[in-house]
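Step one of this worksheet: look at the structure below.
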Amino acid sequence: MDPSITTGRLLLRRWRSDDIEFFAAMCRDREVMRFIGGGNTRTREEVERSIDAFEREWDEKGFGLFAVELLKNGNFIGFTGLSEPTFLPEIMPAVEIGWRLAHKHWGQGYATEAAQAALQFGLQDLGLPTIVSVFQIENVASRRVIEKLGMRFDRRTVDPTCGREVEVFHTSTA
Ligand SMILES: CC(C)(COP(=O)(O)OP(=O)(O)OC[C@H]1O[C@@H](n2cnc3c(N)ncnc32)[C@H](O)[C@@H]1OP(=O)(O)O)[C@@H](O)C(=O)NCCC(=O)NCCS
């Protein structure tokens with residue numbers, strides 16, 4: 001299955017082995033990982049296992065996280081896409097939209113542009129009734145992306161895997 005999507009500035013596609021190096025560099029950056037779980041950075045081995053898991057999810061479920069690259073130069077900049085938020089059992093079953101970009105690409109509207117396309121893929125192409133998004137309450141950039149996507153507040157709760165407070169938003173059809 002090739003779920004590639006092109007937006008104005010971005011290509012959303014499945015993962016390739018040459019993404020590992022760039023994704024590993026991102027996931028070594030404390031600033032990037034600050035609001036992910038307990039905020040720990042990841043080793044290259046962990047990143048390789050994650051990419052394998054992302055690709056397995058595409059094969060098994062027909063959705064997953066897209067690698068995102070810039071159309072202008074083909075550079076990998078991060079991910080957006082769909083996954084199951086199993087870390088938060090109280091909202092399961094659910095499908096979550098998420099995003100993570102390399103620091104140097106923040107603040108140019110890329111996350112919103114990519115996530116809009118991934119949301120449309122989930123709601124229209126896959127026919128999902130609703131999509132949620134979960135973020136740690138201090139993650140102002142993620143809150144802003146969620147607001148720009150037009151998602152609505154569902155609840156504030158605690159991520160049991162790390163004890164941090166999170167908010168859950170959902171698309172308006174929920
Ligand atoms: C969250 C993330 C993907 C956003 O990427 P991005 O491409 O910079 O997002 P966008 O440019 O589309 O939108 C970000 C918005 O947040 C705003 N913002 C960012 N940091 C902010 C801050 N500290 N205070 C207030 N607003 C902030 C931006 O101004 C922008 O809003 P605007 O368009 O109204 O000006 C990026 O910051 C990231 O990768 N963070 C680390 C990983 C992460 O936390 N992922 C999410 C886990 S839930």
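Taken together, the values in this text are just the output of simple stated rules run on the coordinates, not laboratory data. Remember, it's a predicted structure, so these values are computed and weren't measured experimentally. Here the Cβ is made from the backbone with ideal geometry for all residues, glycine too, and neighbour counts use every protein chain on show.
Odds and ends about this structure:
- Residues of region 123-137 include none that is without any contact (Cβ under 8 Å) to a residue 24 or more places away in the chain and either assigned to a strand (DSSP E or B) or over 19 Å from residue 65 (Cα atoms) (or both).
- So residue 101, is it surrounded by 19 or more Cβ atoms within 10 Å (Cβ to Cβ), more than 12 Å from the ligand (Cβ to nearest atom) and under 18 Å from residue 36 (Cα atoms): no
- Among the residues of region 124-141, those that are more than 9 Å from the ligand (Cβ to nearest atom) and either crowded, with 17+ Cβ neighbours inside 10 Å or over 18 Å from residue 91 (Cβ atoms) (or both) comprise 124, 125, 126, 127, 128, 131, 132, 138.
- With respect to (1) more than 30 Å from residue 71 (Cα to Cα); (2) buried (at least 16 other Cβ atoms within 10 Å of the Cβ); (3) in contact with an Asp or Glu (Cβ under 7 Å, 6 or more places away or on another chain), the lone exception for residue 170 is condition (1).
- Just one of the listed residues (1, 33) is out of contact with any strand residue (DSSP E or B) (no Cβ under 9 Å at 6 or more places or on another chain) and either more than 15 Å from the ligand (Cβ to nearest atom) or not basic (Lys, Arg) (or both), namely 1.
- Between 70, 11, the distinction of being surrounded by fewer than 16 Cβ atoms within 10 Å (Cβ to Cβ) and touching a Leu at 6+ places or on another chain (Cβ under 8 Å) belongs to 70 only.
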